[in-house]
Every structure is written in C-alpha cells, then in structure tokens.
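The values are calculated or read from the model by the stated rules, or taken from the named source; none is laboratory data. Computed from a prediction, not measured in an experiment: that's the story for all the values here. Quick reminder, even Gly has a Cβ in these numbers, built from the backbone with ideal geometry, and neighbours come from all protein chains shown.
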Ligand SMILES: Nc1ncnc2c1ncn2[C@@H]1O[C@H](COP(=O)(O)OP(=O)(O)OP(=O)(O)O)[C@@H](O)[C@H]1O
Ligand SMILES: [Mg+2]
C-alpha cells in the first residue's frame with residue numbers, strides 16, 4: 001500500500017525562524033511515518049541551527065544530546081554533528097554502528113582521516129553544515145526509505161467526519177469488531193475525539209488510563225507498556241480518550257507527542273483504526289497525514305455533502321493527501337428516503353470511491369451500549385454486508401481461514417433490518 005511521501009504544506013503555521021546560516025529556509029516536508037531520531041551535537045549554537053532546520057519536518061521526532069551515552073531502542077536514526085573533536089565523533093559513530101543505527105555525519109572541515117573512519121563505521125551520508133538545508137532533505141528521505149524496509153509499522157485507517165454526528169464513531173466501532181473477528185492480527189482502535197470520545201462506552205470498557213496519560217509518559221512507553229495500558233478484548237484493543245481532555249490537558253496535547261504515540265501503537269499492532277469524529281484539527285492532522293486509508297463519512301443531505309467536500313479539499317490541497325487514499329462512506333443510506341444518489345455525492349465531493357452503510361437505528365443504538373445482553377439476533381443482513389464490503393475492499397489485514405459469520409452480529413437483538 002502506498003504511503004504518503006508528498007511534501008505537505010503545514011496547516012499549523014510555524015513561528016518565524018531565527019535567522020541563521022543553515023536554517024534560512026525551514027524544511028517543509030513530511031516523512032511517510034514517524035521516525036524517532038537523535039541529534040548529537042556538543043556545540044549549543046550549531047545544535048540550535050540544525051534543530052531549527054529539522055523541527056519543521058513532519059513526523060521527525062528529535063531527541064538532543066551533546067554526546068552519545070546510550071541510544072534508546074526507539075531511536076531509528078542519528079544525526080552526528082562534528083564540532084571539532086575527532087575523538088568524540090569517532091566514539092559516537094562507533095556507538096551508533098554498534099547498535100546498528102544508521103547515522104548521518106554533519107559538519108564542515110572534515111579531514112580525510114575522519115571521512116575514512118566514517119566509512120568504516122558505515123555512516124550513511126555526509127552533509128556539509130554550510131549546505132545543510134539544501135542537502136538534508138533528500139538524504140533524510142532516502143534514509144527513511146531504507147529504515148522502513150526494516151520496521152513493521154501497522155497501516156492506519158482513519159474515519160473522519162465532514163460534519164459532526166455523521167456516524168464516524170459507530171462506523172469505527174463496527175469496523176474494528178468485524179476486522180478483529182476476521183483476522184488473527186492485533187487491531188488497535190484509537191479514539192481521537194478529545195471532546196466526547198465514545199468508543200470506550202461502545203467497547204464496554206471503563207478505562208482508567210487515557211491517551212493524555214500515555215502522552216505524559218510518552219518517552220518511557222515501550223511496546224509492552226503500550227499493550228498493557230490499552231483496553232483489550234481478544235485481539236481488539238482500544239486507546240481511550242478522557243472527555244474534554246482538549247481543555248483539561250491542553251499542555252499535554254501536542255502534535256509531536258501524538259505522532260510519537262501513534263507511532264508506538266503502530267509498531268505494536270498490525271492495524272490501527274482511528275475515529276477522528278472532530279474532523280480536521282491540530283490533534284487529528286498527524287494521524288490523517290500518515291493514514292493509508294481515509295474514510296470520509298457523509299450523509300445524504302446537502303449540508304453534509306458540502307462539509308465533506310470542504311474537508312476533502314482541505315486534505316487534498318493543504319495536506320497533499322492523494323485522492324486515491326480517500327474514500328467516501330455514505331452513512332444512514334436509504335434509497336427510499338432520499339433522492340440524492342451515491343453517484344451524485346461522489347461527483348459533488350470529487351472522490352471516485354464510495355461505500356454505503358444502510359440506515360439501521362436498532363443496530364446503531366445497541367452499539368452505544370454493548371453492556372446489555374442482546375442475544376436473539378436475526379442477521380442485520382444489509383448493514384452487515386455493507387461493513388464487510390469496506391473491510392474486504394480497503395482493509396489491509398490477513399483474513400483468517402475460518403472467518404465466516406461473525407459473533408459480533410449475534411450481540412444485536414434485531415428482529416429485522418429496518419431501512
Ligand atoms: N447507519 C446508521 N443507522 C442508524 N443510526 C446511525 C447510523 N450511524 C450512526 N447512527 C446514529 O447516529 C448518531 C451519531 O453517530 P456517531 O456518534 O457514531 O456519530 P459521530 O460522527 O461520531 O458524531 P460526533 O460528531 O458527535 O462524534 C448515533 O446516535 C448513532 O447511533
Ligand atoms: Mg464520534
């Protein structure tokens with residue numbers, strides 16, 4: 001599946017750069033997935049210059065040290081800035097080589113003996129400090145490409161609202177359960193609605209640990225810790241959100257840490273499904289940016305279609321999301337009660353791929369309260385086929401051999417499908 005490697009223009013304006021010899025022009029591009037990196041530089045002013053240039057690269061998380069003492073396991077690349085101490089830079093190159101972490105050497109006046117040492121330590125590239133802003137971009141993208149071959153990062157499917165109340169959370173919950181029943185893969189749901197996330201209720205969980213707690217501990221969380229803090233039910237897990245944490249934890253919620261968290265979830269699971277009910281905002285941008293599939297939920301009415309169109313145009317134009325990654329989900333679909341058909345919606349929004357989820361009041365209401373015992377279900381056939389279509393056409397999971405009728409549907413005491 002293709003990943004986003006486009007240059008993207010940031011919606012969030014960066015503060016004006018401090019003028020410096022190398023950071024005249026902050027780099028505006030996006031890595032295809034989150035990469036934790038270590039910048040090693042003994043000289044504070046050079047450190048600031050390099051950091052100033054790299055900080056606007058989306059999905060690049062930067063830790064800074066004056067020299068290498070220990071490289072944490074989540075670090076995927078090292079920037080080594082030569083500040084005149086050959087012995088120290090050799091020790092740093094040796095340490096990154098010993099841990100098999102690719103390194104870029106940055107500096108001016110590098111002697112031929114130091115260059116030879118760099119080759120022996122298999123440093124990936126050399127970037128002159130004077131030409132840093134021109135040369136670092138291609139080197140970084142190439143290195144990221146090489147790293148991606150060795151890291152298993154789960155694909156991300158985002159479900160996003162053009163307009164509130166369109167059905168994103170209901171759809172996320174259903175798709176998560178169906179996926180989990182069709183595969184042995186471990187699936188993670190991410191509740192990105194910081195105002196009133198509802199996935200925990202639908203999941204039947206009473207969480208005590210939330211996304212904002214994870215963000216506070218983000219540097220320490222390893223794969224094992226990530227799995228232990230999520231609410232789990234078999235191979236389906238949920239990273240829950242605390243209601244109104246966008247107000248109560250405003251200082252904790254920053255897009256870099258959110259990227260890091262998503263990254264850590266992606267390396268612990270095989271698929272991440274994100275409910276972005278709030279639409280596009282500072283908290284959802286890092287996730288939309290790395291999503292392999294973006295499902296835009298729309299309903300058959302003029303306002304909803306207009307809002308979906310605006311959302312899609314923001315994603316295409318401002319974020320550089322390729323239209324092939326965007327699919328419409330026409331929710332609460334009814335051929336009887338609306339005269340607007342799917343072709344008209346596709347044309348109006350400017351997206352060629354569309355799926356429908358039929359209107360089914362009983363199922364949707366039951367979904368919000370899975371604590372109830374709901375047993376004697378007749379198969380809600382139409383809506384079941386709708387969800388399965390989306391999973392089979394778009395979801396990058398390996399279907400298990402025995403996947404047939406799923407017990408997920410047996411939880412609904414629906415006597416008939418209502419359209
Ligand atoms: N296909 C459907 N048929 C019937 N009712 C539905 C359907 N999809 C969603 N609903 C109902 O619509 C309401 C809104 O759904 P949901 O909460 O999933 O939307 P949302 O887009 O996440 O909203 P919000 O913007 O508030 O987060 C819920 O009461 C849900 O049960
Ligand atoms: Mg919602």
Looking at 342, 349, 330, which is the one that is more than 20 Å from residue 391 (Cα to Cα) and modelled with pLDDT of 90 or more? 349
Report every pair of residues separated by at least 6 positions or lying on different chains whose Cβ atoms are under 9 Å apart, first residue within the range 151-177 and free of Cβ contacts under 8 Å to residues at least 40 places away in the same chain, second more than 7 Å from ligand 1 (Cβ to nearest atom). 165/299
Being in contact with a strand residue (DSSP E or B) (Cβ under 6 Å, 6 or more places away or on another chain) and either assigned by TED's automatic domain parsing to the domain that holds residue 271 or under 28 Å from residue 101 (Cβ atoms) (or both): is that true of residue 197 here? yes
Are any of the residues in the range 289-299 farther than 29 Å from residue 30 by Cα and either at pLDDT 95 or above or under 23 Å from the mean Cα position of the chain (by Cα) (or both)? yes
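Tell me, which residue of the range 172-189 that is outside any helix (DSSP H, G or I) and surrounded by fewer than 24 Cβ atoms within 10 Å (Cβ to Cβ) is farthest from ligand 2 (Cβ to nearest atom)?
Of the range 172-189, the ones outside any helix (DSSP H, G or I) are 183-189.
Keeping just the survivors that are surrounded by fewer than 24 Cβ atoms within 10 Å (Cβ to Cβ) gives 183-186.
Numbers: 183: 24, 184: 28, 185: 24, 186: 23 Å.
Looking at the filtered set, the residue picked out is 184.
Restricting attention to helices (runs of 4 or more DSSP H) lying wholly within the range 190-244, give those where 1 or more residues are within 16 Å of ligand 1 (Cβ to nearest atom). Lay out the reasoning, then the answer.
On the way: elements: 199-203, 211-216, 223-229.
It comes to 199-203, 211-216.
From the list 101, 89, which residue is in the same structural domain as residue 55 (by TED's automatic domain parsing), touching a residue at least 24 places away in the same chain (Cβ under 8 Å), touching a strand residue (DSSP E or B) at 6+ places or on another chain (Cβ under 8 Å) and outside any helix (DSSP H, G or I)?
101 is the lone residue from the list that is in the same structural domain as residue 55 (by TED's automatic domain parsing), touching a residue at least 24 places away in the same chain (Cβ under 8 Å), touching a strand residue (DSSP E or B) at 6+ places or on another chain (Cβ under 8 Å) and outside any helix (DSSP H, G or I).
Consider residue 260 carefully, then state whether it is in the same structural domain as residue 192 (by TED's automatic domain parsing), farther than 16 Å from residue 167 by Cα and not in a helix (DSSP H, G or I). Before the answer, list the steps.
Numbers: in the same structural domain as residue 192 (by TED's automatic domain parsing): yes; farther than 16 Å from residue 167 by Cα: yes; not in a helix (DSSP H, G or I): no.
Answer is no for this residue.
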Any chance residue 109 is free of Cβ contacts under 8 Å to residues at least 60 places away in the same chain, in the same structural domain as residue 70 (by TED's automatic domain parsing) and on the phi > 0 side of the Ramachandran plot: yes
For residues in the range 137-170 being away from ligand 1 (no atom under 16 Å from the Cβ) and assigned to a loop (DSSP other than H, G, I, E, B), which is surrounded by the fewest Cβ atoms within 10 Å (Cβ to Cβ)? 149
